[in-house]
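The values are calculated or read from the model by the stated rules, or taken from the named source; none is laboratory data. Source: prediction; values computed, not measured. All Cβ positions, glycine included, derive from the backbone under ideal geometry; neighbour counts span all protein chains shown. The area values use the complete protein model at the heavy-atom level, side chains included, leaving out ligands, DNA and RNA. Shrake-Rupley method; radii C 1.70, N 1.55, O 1.52, S 1.80 Å.
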Amino acid sequence: MAGIDTRAGFSLETLSRATSLKKKLIFTLLALIVYRICSFIPIPGVDANVITEFFTSNKGGLLGMFDMFSGGSLSRMAVLALNIMPYISASIIMQLLTAVSPELKAIKESGAVGHMKINQYTRYLTLVICMIQAFGIAVGLEAIVQNGIPAVINPGLFFRFSTILTLTGGTMFVVWLGEQITQRGIGQGSSLIIFTGIIANLPSSVLKTLELGKVGQLSPIAIIFILLLAVAVVALISYVEGAERRVQFHYPKQGMQIGRPETSYLPLKVNTADVIPPIFASSLLGSITTIAQFTAQGKGPEWLQMILKHLQHGSVSYMLIYGGLIVFFAFFYTAMVFNPTETAENLKKSGGFVPGIRPGEQTASYLDFILTRLTVFGSAYLVFICLLPDFLITKMSVPFYLGGTTLLIVCNVITKTFTQIQTQLLAYQYESVLKKMQNNRRFR
């Protein structure tokens with residue numbers, strides 16, 4: 001359509017005229033600012049200096065990654081220490097239950113009302129998980145002592161109750177805030193909250209790396225290598241996330257037209273699951289490790305010490321467990337979002353077919369075969385990207401999670417958010433052109 005420049009989707013002039021989009025952007029920004037402010041509100045009755053010393057002496061491992069996702073709230077022991085991870089864990093459990101329970105599956109497939117019920121069940125489950133994790137943290141905090149100074153000023157039943165109430169309330173607030181961003185702002189709320197936490201810690205992590213270079217713990221060659229590796233990882237993520245396999249379909253011509261059939265394509269992404277598998281895997285392992293890390297300080301049972309030992313970054317057991325969970329969730333989530341049988345049936349009903357493949361069951365098997373091969377490659381790519389930080393941390397003593405899950409989340413969130421902004425700007429341009437055409441017709 002004349003008058004629409006798709007390349008100028010992000011121009012400031014167009015953005016200044018798109019009033020509704022500006023309101024969404026401002027709302028999203030304000031919501032994220034509120035989230036960051038709340039991440040600095042401490043839990044009552046906890047000595048912040050003792051907690052800082054504890055995290056300094058126990059840095060690394062999944063506890064450090066969990067703290068990174070929370071934007072530093074865990075190491076500050078703020079009211080948002082659990083962040084949105086319990087909600088993600090609840091979502092994982094609900095999706096697994098939906099896949100195995102016919103009753104829940106029927107509810108989910110019953111339309112908008114069913115989705116509302118599943119979301120409500122997920123919130124209830126989030127509440128239960130929050131209370132369990134908060135109790136584990138409260139008990140663990142009472143056992144922490146650094147240089148003879150206890151972390152909890154007045155331990156006891158009241159402290160445990162207030163900690164459970166505070167941490168649970170903080171998580172439920174973050175869940176609500178994420179839903180508000182999704183509904184009234186730009187982008188996916190929970191992803192933007194995790195993204196904000198990562199970005200908030202990134203400058204300090206980069207400064208720590210430069211400080212290591214200053215004192216001679218990291219050589220200039222190593223720092224240059226890390227920077228080049230970061231660029232290479234971003235390039236790899238951008239390439240793979242945009243890669244897709246186009247499955248060609250033919251449709252018969254409509255009406256009395258005779259000739260070659262119309263051709264269309266079904267794009268299948270190499271990484272259909274996007275960033276969901278690493279987040280799910282990190283959430284599950286991080287929840288277990290957080291409770292174990294705190295509880296083990298008070299002469300916990302041996303099995304807790306075993307968990308901490310085998311879930312340390314760089315250990316073979318951790319890599320196998322983390323990589324296995326990523327592969328599992330990659331296949332599981334792909335199966336949740338794309339159904340080859342349903343796609344083949346819809347194609348058959350519309351009269352379409354894949355050249356050389358019979359409609360129906362054979363088409364479904366063909367699509368499933370292609371999707372399985374793509375998911376194998378996509379899951380291997382995710383495992384490589386997400387385990388890369390362990391080699392950097394263990395071999396080069398890099399003080400932050402460069403590459404891997406961090407860059408994967410950052411790249412995906414930025415790409416999807418800007419794509420959504422561009423889509424809305426283009427829609428605004430189309431609407432403006434249509435209004436001008438209608439006004440011109442009125443004055444003729």
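Key figures
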{"read-out": "Using θ = phi - 60° and Karplus 6.51 cos²θ - 1.76 cosθ + 1.60, couplings along region 346-353 (whole Hz; Gly, Pro as x)", "value": "4, 5, 5, 5, 8, x, x, 7"}
{"read-out": "Which listed pairs, of 22/416; 24/416; 108/269, have C-alpha distances above 22 Å, in listed order", "value": "108/269"}
{"read-out": "Solvent exposure ordering (accessible area, 1.4 Å, most first) of 84, 33", "value": "33, 84"}
{"read-out": "Mean accessible surface per residue for region 127-284, computed with a 1.4 Å probe while every protein chain stays in place, in Å²", "value": "53"}
{"read-out": "Residue 317-residue 369 pseudo-label distance in nm [points 7 Å out on the Cα-to-Cβ vector]", "value": "4.2"}
{"read-out": "Ellipsoid semi-axes in whole angstrom, largest first, where each is sqrt(5λ) of the Cα gyration tensor of region 28-137", "value": "33, 16, 12"}
{"read-out": "Residue-wise HN-Hα coupling along region 325-340, computed from phi with Karplus coefficients 6.51, -1.76, 1.60 (Hz; x: Gly, Pro)", "value": "5, 4, 4, 4, 5, 5, 6, 5, 5, 4, 5, 6, 8, 9, 10, x"}
{"read-out": "For residue 268, residues with placed amide H under 5 Å, excluding near neighbours", "value": "245, 246, 247"}
{"read-out": "Amide H contacts under 5 Å for residue 262, placed H, 5+ residues apart", "value": "251, 253"}
{"read-out": "Listed residues 317, 283 arranged by accessible area, highest first, probe 1.4 Å", "value": "317, 283"}
{"read-out": "Region 159-252: radius of gyration over Cα atoms, expressed as a fraction of 2.2 N^0.38 Å", "value": "1.74"}
{"read-out": "log10 of Debye I(q)/I(0), alpha-carbon scatterers only, for region 133-205 at 0.14 Å⁻¹", "value": "-0.66"}
{"read-out": "Karplus 3J(HN,Hα) series, Hz, for region 170-184 with 6.51 cos²θ - 1.76 cosθ + 1.60 (x for Gly, Pro)", "value": "x, 5, 5, 5, 5, 4, 4, 5, x, 5, 5, 5, 4, 7, 10"}
